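Accompanying notes for the structure given below.
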Amino acid sequence: MQVERASNREVRLRNRSALLTRLFLEGPLTRQDLSRRTGLSQPAVSNVVSDLIDDRLVEEAGALESEGGRPSILLRVAPDYAVVAGVDVGETRVRVELFDLGLSRLAEADHPIEPGGTPPEAVAGHILAGLRAVAGDRPVLGAGIGVSGIVQQRPEGALVHAQTLGWEAVPLESLLRAGTGVPLHLENGAKTLGQAEMWFGAGRGHRHAVFALLGSGVGAAVVTNGSTYRGASSSAGEWGHTTLVYGGRPCRCGSRGCLEAYVGAAAILERYCERAGRPAPGAGEESRLTALVTRAASDPHARAVLDETADYLGAGVANLINLFNPELVVLGGWAALALAGLLPRVRASAGRHALRQPFAQAGIERGRLGLDAVALGAATLPIARLLTEGGGAAAG
């Protein structure tokens, strides 16, 4: 009897998870839609949906008109069931956003980071201050945090290895837990961007894709057969530290010739300063890169640096195409937005460097979710846990 009860509970949780996931990613849907898309019988769907409505996880969202007979009721995950936080820890700012379960943004807080101002304790302080600012007194289901570098998951708390920041095995999760009781989910920022674009943006409907994050540095998330490829210790996707030029420009990681040393925002601005003999105008990296793009129409040094950047980036994209054979390569992050006008030249460069057959099958697009992509993807981490568990405590 005990085995049977355990088995029934597992089936119930699995069914709740399947229906919640479909409603979250594809809703609103009718009970008939859910039956067709999950393979569950209509009575099973009706029973589980009734439970989910009783638990306030699911709500009705209108009706579909029908030609005769009763109208079909649409269902969706209840946006007001909980709030979640998404955090984008970049090298120029910490952005904290609060969302409902419909992923409508409810509040946001930005904490600029001064050059060289990335000691772990300071970053943790910005994150905690941002969480307090956006959440107020509201209970938060969980906070997802997208960070630079390799995130090593451990039961006692995630460690962050960000060589370019000088972070070696930083216990960031423990630093944060000392200041908040909100459940935390840490992940590499490129991977959270990739999840957001897969669920809601340019990657939707694709099974094999690569999502590049271009900011001060460069990273990538590789999705194969619908799942993020992590490697042996979650370091897969450190595309920015693949060698583009043997013995080339010094990289912040300590090596030479890395892709990041040519197409990261910091490297682009450095190359312009070397060529023009003066820095690009502006108070910070983001404003200076924007100014560089604006000046390209009249400044031959700016034009030459941007053209070279597009060619280097295209060669890097070609490496991704040759290695992973994706259907799609998506360029996201604040620097990718600033450099969006280079996309035709990036595609042309990738075409010159990639093998013809995989290149012909691969689209190269700009991300669709803008500056919020990393934070939005981070916010999906606690939601993914909720969906997998069939509603968490409500499913018990």
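The values are calculated or read from the model by the stated rules, or taken from the named source; none is laboratory data. What you are looking at is a predicted structure, and each value in this text was computed from that prediction instead of being measured. Because the Cβ atoms are built from the backbone with ideal geometry, glycine has one as well, and the counts that use them run over all protein chains shown. When the accessible area is computed, the model is the full protein with side chains, heavy atoms only, and any ligands, DNA or RNA have been set aside. Shrake-Rupley method; radii C 1.70, N 1.55, O 1.52, S 1.80 Å.
Pull up the range 281-298, narrow it to residues that are assigned to a loop (DSSP other than H, G, I, E, B) and in contact with a helix residue (DSSP H, G or I) (Cβ under 6 Å, 6 or more places away or on another chain), then point me to the one that is farthest from E91 (Cα to Cα). Write out each step before concluding.
Here is the first cut: in the range 281-298, the residues assigned to a loop (DSSP other than H, G, I, E, B) are 281-284, 296-298.
Going one step further and asking which of them are in contact with a helix residue (DSSP H, G or I) (Cβ under 6 Å, 6 or more places away or on another chain), we end up with 281-282, 296.
Values: P281: 19, G282: 17, A296: 25 Å.
Among them, the one singled out is A296.
Kindly establish whether G377 is over 22 Å from A236 (Cα atoms) and within 13 Å of the chain's Cα centre (by Cα).
Working: over 22 Å from A236 (Cα atoms): no; within 13 Å of the chain's Cα centre (by Cα): yes.
No: the conditions fail for G377.
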Q) Does any residue in the range 170-185 that is over 16 Å from V140 (Cβ atoms) and free of Cβ contacts under 8 Å to residues at least 12 places away in the same chain come within less than 9 Å, Cβ to Cβ, of a residue that is of a type in the set (G, A, S) and buried (at least 18 other Cβ atoms within 10 Å of the Cβ) six or more places away or on a different chain, and which pairs are these? A) A178/A124
Q: Look through the range 15-54, keep the residues that are open to solvent by 30 Å² or more (accessible area, probe 1.4 Å) and hydroxyl-bearing (S, T, Y), and return whichever of them is farthest from P79 (Cα to Cα).
A: S41
Q: Taking only the range 142-165 into account, find how many residues are in contact (Cβ under 8 Å) with a residue 12 or more places away in the chain and farther than 14 Å from S234 by Cβ.
A: 9
Q) Which members of the range 205-227 meet the condition of being part of a strand (DSSP E or B), in contact (Cβ under 8 Å) with a residue 24 or more places away in the chain and surrounded by fewer than 24 Cβ atoms within 10 Å (Cβ to Cβ)? A) V222, T224
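Among what's in the range 91-150 and is polar (S, T, N, Q) and open to solvent by 30 Å² or more (accessible area, probe 1.4 Å), pick the residue that is farthest from H161 (Cα to Cα).
The initial filter retains those residues of the range 91-150 that are polar (S, T, N, Q), namely 92, 104, 118, 148.
Still in the running and open to solvent by 30 Å² or more (accessible area, probe 1.4 Å): 104, 148.
Details: S104: 32, S148: 8 Å.
Taking the candidates together, the pick is S104.
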Q: Please give the number of the condition V84 fails out of (1) in a strand (DSSP E or B); (2) among the β-branched types (V, I, T); (3) without any contact (Cβ under 8 Å) to a residue 60 or more places away in the chain.
A: (3)
Q: Would you please list the contacts, defined by Cβ atoms under 8 Å and residues six or more apart or on different chains, that run from a residue in the range 26-43 that is touching a residue at least 24 places away in the same chain (Cβ under 8 Å) to a residue that is open to solvent by 70 Å² or more (accessible area, probe 1.4 Å) and part of a helix (DSSP H, G or I)?
A: L29/R22; L29/R37; R31/Q42; Q32/Q42; L34/R22
**Q.** Evaluation of C253 against (1) in contact with a Ser or Thr (Cβ under 6 Å, 6 or more places away or on another chain); (2) within 20 Å of A354 (Cβ to Cβ) (one fails), failing number
**A.** (2)
Q: Examine the range 55-77 for a residue that is within 30 Å of I150 (Cβ to Cβ) and within 23 Å of the chain's Cα centre (by Cα), and state whether such a residue exists.
A: no
Q: Give me a count of the residues in the range 177-205 that are in contact with a strand residue (DSSP E or B) (Cβ under 6 Å, 6 or more places away or on another chain) and under 20 Å from L131 (Cα atoms).
A: 10
Q) Within the range 81-129, which residues are over 24 Å from A384 (Cα atoms), within 18 Å of the chain's Cα centre (by Cα) and not hydroxyl-bearing (S, T, Y)? A) E91, R93, D110
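Would you call V293 at pLDDT 95 or above and open to solvent by less than 30 Å² (accessible area, probe 1.4 Å)?
no
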Q: Within the range 175-204, work out how many residues are farther than 18 Å from L381 by Cα and open to solvent by 50 Å² or more (accessible area, probe 1.4 Å).
A: 2
Q) Under 9 Å by Cβ, and 6 or more places apart or on different chains, what pairs join a residue from the range 241-264 that is at pLDDT 95 or above with one that is buried (at least 23 other Cβ atoms within 10 Å of the Cβ) and aromatic (F, W, Y)? A) L244/Y262; V245/Y262; G248/Y262; R249/Y262; L259/W239; E260/W239
